[in-house]
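*Asks:* Below is one structure. I have some questions about it.
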Amino acid sequence: MSRIGKKPIALPKGVTIKVEGNLVAVQGPKGKLDTRIPAGIKVEQQDGHIVALRQNDSQAALHGLTRALVNNAVEGVTRGWTRELEIVGIGYRAEMKGKGTVVFTLGYSHPIEYPLPTGIDVAVDPKQTRLTVTGIDRQKVGQVAAEMRALRPPDPYKNKGVRYAGERLKKKVGKTGAK
């Protein structure tokens, strides 16, 4: 029994859905997204809601997944997705270079240039220590944020590096004298 798969997705005003074979095209005020549907799952529009239906119980795991992916697409074209990153460390910072490149200074001997994929925007605060990654595709936003975090992951000893906003780190104690 898939509880998530059975939930209907509310269709906000201004959002249109088009189902063509195994592709669901969602169009809204912020843009257009295409989501692939696995075989054995159908997506139908019923009185202002979208419902995911499965043929039999062998697709139970994909039922909830498909509903979640379509819901993420609907949310993305209406509100969009954001992920915030914090840069912690003396001299660590980020700045925009033009429209599509973020330049990180993270304690290495060289600055790191990160080109942004299409559909993703990054805003850097005036202190250059906080980034906001925004876009309509949830998977792309999360992937870009994860790649930026991987440039200098948070260090458990000094608590320096790039981390998600609100991420709690467990600080480790360093070496102590042997006695």
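*Asks:* Would you confirm whether or not segment 47-64 contains a residue that is surrounded by 14 or more Cβ atoms within 10 Å (Cβ to Cβ), assigned to a strand (DSSP E or B), touching a helix residue (DSSP H, G or I) at 6+ places or on another chain (Cβ under 7 Å) and in the same structural domain as Pro126 (by TED's automatic domain parsing)?
*Replies:* Checked segment 47-64: no residue is surrounded by 14 or more Cβ atoms within 10 Å (Cβ to Cβ), assigned to a strand (DSSP E or B), touching a helix residue (DSSP H, G or I) at 6+ places or on another chain (Cβ under 7 Å) and in the same structural domain as Pro126 (by TED's automatic domain parsing).
*Asks:* Gly100 is checked against (1) within 15 Å of the chain's Cα centre (by Cα); (2) of a type outside the set (S, T, N, Q); (3) under 28 Å from Gly28 (Cα atoms) and fails just one. What number does that condition carry?
*Replies:* Condition (1) is where Gly100 drops out.
*Asks:* Additional query: Here are some residues: Ile120, Ile136, Ile87, Ile112. Which one is within 21 Å of the chain's Cα centre (by Cα) and over 30 Å from Pro29 (Cα atoms)?
*Replies:* Matching residue, one of Ile120, Ile136, Ile87, Ile112: Ile87.
*Asks:* Can you run down the residue pairs with Cβ atoms below 6 Å, 6 or more apart or on separate chains, where the first is in segment 82-108 and closer than 13 Å to Val124 by Cβ and in contact (Cβ under 8 Å) with a residue 60 or more places away in the chain and the partner is among the small types (Gly, Ala, Ser) and surrounded by fewer than 18 Cβ atoms within 10 Å (Cβ to Cβ)?
*Replies:* What qualifies is Glu84/Ala165; Glu86/Ala165.
*Asks:* With (1) without any contact (Cβ under 8 Å) to a residue 40 or more places away in the chain; (2) within 20 Å of Asp137 (Cβ to Cβ) as the list, and Ala68 as the residue in question, which single condition is left unmet?
*Replies:* (1)
*Asks:* In contact with a strand residue (DSSP E or B) (Cβ under 9 Å, 6 or more places away or on another chain) and either outside any strand (DSSP E or B) or not aliphatic (A, V, I, L, M) (or both), is that true of Pro154?
*Replies:* Working: in contact with a strand residue (DSSP E or B) (Cβ under 9 Å, 6 or more places away or on another chain): yes; either outside any strand (DSSP E or B) or not aliphatic (A, V, I, L, M) (or both): yes.
Yes, satisfied.
*Asks:* Restricting segment 3-20 to residues that are in contact (Cβ under 8 Å) with a residue 24 or more places away in the chain and in a loop (DSSP other than H, G, I, E, B), which is nearest to Val43 (Cα to Cα)?
*Replies:* Pro8
The values are calculated or read from the model by the stated rules, or taken from the named source; none is laboratory data. Computed from a predicted model, the values in this text were never measured in an experiment. Quick reminder, even Gly has a Cβ in these numbers, built from the backbone with ideal geometry, and neighbours come from all protein chains shown.
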